1. Net charge within 11 Å of residue 14 by Cβ-Cβ distance, Lys/Arg positive one each and Asp/Glu negative one each, not counting residue 14 itself?
2. Could you tell me the calculated FRET efficiency between residue 83 and residue 57, based on Cβ-Cβ distance and R0 = 25 angstrom, to the nearest 0.05?
3. Please give, to one decimal in nm, the separation of the simple spin-label points placed at residue 1 and residue 35, each 7 Å out from Cα toward the Cβ.
4. Could you tell me the center-to-center distance, by alpha carbons, between segment 9-80 and segment 86-101 in angstrom?
5. Taking other Cβ within 10 Å of each residue's Cβ, how do 122, 36 sort, fewest first?
6. Out of the DSSP beta bridges found with both residues in the chain, what percent are antiparallel (nearest 5)?
7. Looking at segment 58-157, which GluC sites (Glu not before Pro) are in a loop (DSSP not H, G, I, E or B) and have at most 16 other Cβ atoms within 10 Å?
8. Debye calculation, C-alpha points only, no solvent: report log10 I(q)/I(0) for segment 1-61 at q = 0.25 Å⁻¹, in the same order as the q values.
Amino acid sequence: MKTLFDTDRLTVRHFCSFDTAACESWLSDPEVMRWIEEPFDHNQIEEFLNTNAFLRQPRIYAIQEKESGNLAGHLIFHPWDENGYELGWILKKDVWHRGYASELTQAAVSFAAEKGIRKLIIECDRCQQATVRLAEHSGFVLSGTDGKLLCYRREIG
């Protein structure tokens, strides 16, 4: 499995076909998907992975806990425009409140700097206050809104 980057507790890697079943634990959970979109059924999960994960240049990556080997969710990391990448994460409920989102954000900022990426964008629903706090705490600044979505931006380097 090809790794994008590691943190102390997590490995961010390319998805494999055998990961599909594990994705149901977060993509079909109404509480996890509350601010994103309607929960996915099995066919929608397969379609989502086929169009976002199983690509030559994926838009999302599996987040795997090093200690247990279990998937904790997925990382959104793909080009936003010519100079920047979108950054996001969707974590399954049983790993919430462990600091994973903050850990992933810090590691993604470092990874982006190493790769010469000039900015990162976090998009979230305005009601998603945990993401708003994390973005602001991680040095992202509000750069715009699009209806219900807030767009946070962080210049790198």
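Only the coordinates and a few stated rules stand behind these numbers; no lab work does. Keep in mind the model is a prediction, meaning the values are calculated, not measured. As a convention, Cβ positions derive from the backbone with ideal geometry for all residues, glycine included, and neighbour counts pool all protein chains shown.
1. On the way: positive: 2, 13, 56; negative: 19.
Neighbourhood net charge equals +2.
2. Values: r = 17 Å, r/R0 = 0.66.
After rounding, the FRET efficiency stands at 0.90.
3. About 2.6 nm, to one decimal.
4. 11
5. On the way: 122 24, 36 14.
Listing 122, 36 from fewest to most nearby Cβ atoms yields 36, 122.
6. Working: 31 of 34 bridges.
The antiparallel proportion sits near 90 percent.
7. The qualifying sites are 67, 82.
8. Relative scattering, expressed as log10 I(q)/I(0), comes to -1.10.
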